[in-house]
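A short worksheet on the structure shown next.
What follows is calculated from the coordinates using simple rules that are stated; it is not laboratory data. Since we're looking at a predicted model, the values are computed, not measured. Positions of Cβ are generated from backbone atoms using ideal geometry, with glycine treated the same way; all protein chains shown enter the neighbour counts.
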C-alpha cells in the first residue's frame, strides 16, 4: 500500500517511519511512503506558495497553482488514488475509518499550513475530508501521521500478530479490557486471580465484563452504542 504526503515540510514526515513496526513494514514492502513538496511545483520564481487571504483577513493561505499541479502530478502517475484533506471541518476519524481505508491502494494526505489551503483545491480534489478532533494544529502533518499510523495497523502483515486487533479498543464499540504482565503482585497489588487459572472461556467472560465496566466509566457515549447494537 502506498501513502503519499503532500507537505511543505517532508522532514516532519519521514523520521516517523524510521523505527519500530512501520520501519519493518517498509522493509518488507508492505507499505511505501512518498512525500511531494508543492514548492517543487510552483511557478513562482521565488518558490513562494503562500499568499495573503483575500478580504483583509489576517494570515496566509497556500495558493491554488502549486497544489493543483502537485495533486494532478500524483493522479497522473499513480492509479486509484484516494485523496484525503485533514481539516478542522472534516468528519471525525475513527477506528472504522482506519479499517475501511486499509483496503485502499494509494492514499494521499494533503497537509495544510499557515491558515490552510485555498478552498477551491479541497472542493476540486478531495475524495474525503477528515479531522482528528476539535482543535487546531500548526499544520496537517501531525494529523496525517496519526491517521496513517491507525490505517497501517490494519494492513495485513504490518503487525506481528494480526489477532491482536480483535480485542483492541473500539473494535466492538467497547474499550479494551485491562491487561497485566509480570510480576503477578507488585506493591501488594495483584492481578485478577481468574487470569491465572488457565480457563480461557472464563477469562474471556471476565474480560468482556471488565471491558464493559471500563467503557461505562471512561466513555459512556460508547456504551450506549454497544447496548443498542447488542439489542439488535
Next item on the list: Please order 109, 186, 9 by the number of other Cβ within 10 Å, starting at the fewest.
Entry: 186, 9, 109
Checklist line | Ranked 113, 202, criterion: other C-beta atoms within 10 Å, fewest first | finding: 202, 113
Next item on the list: Just the number, please: percent antiparallel of the DSSP beta bridges in region 2-152, rounded to the nearest 5.
Entry: 15
Next item on the list: Report which label in [x] 21.9, 71; [y] 18.2, 62; [z] 16.6, 47 holds the value of Rg and Dmax of the Cα atoms in Å derived from the coordinates of this structure.
Entry: [x]
Check: If you take the beta carbon distance between residue 114 and residue 79 as r and set R0 to 35 Å, what does 1/(1 + (r/R0)^6) give as a FRET efficiency, to the nearest 0.05?
Finding: 0.65
Item checked: Cβ-Cβ FRET estimate between residue 39 and residue 19, R0 fixed at 30 Å, reported to 0.05 -> 0.65
Item checked: Relative contact order %, region 2-152, counting alpha carbon pairs below 8 Å whose residues are six or more apart -> 28
Next item on the list: Bin all alpha-carbon pair distances of region 92-136 at 10 Å intervals from 0 and give each bin's fraction as a whole percent.
Entry: 20, 52, 27, 1
Notebook entry, point to check: What 222 nm value per residue comes from the helices of the chain, counting each DSSP H run with n ≥ 4 as -39,500 (n - 2.57) and dividing by all residues, nearest 500 deg cm²/dmol?
Noted result: -10500 deg cm²/dmol
Margin query: Please give the Cα centre distance for region 1-31 versus region 166-219, rounded to the nearest Å.
Written below: 33
Notebook entry, point to check: Which order results if 144, 209, 131 are arranged by neighbouring Cβ count within 10 Å, fewest first?
Noted result: 209, 131, 144
Notebook entry, point to check: In nm, to one decimal, how far is the residue 199 label point from the residue 134 one, both placed 7 Å along Cα→Cβ?
Noted result: 4.6
Checklist line | Within a Gaussian network of the chain (alpha carbon springs, distance under 10 Å), most fluctuating of 61, 142, 53 | finding: 53
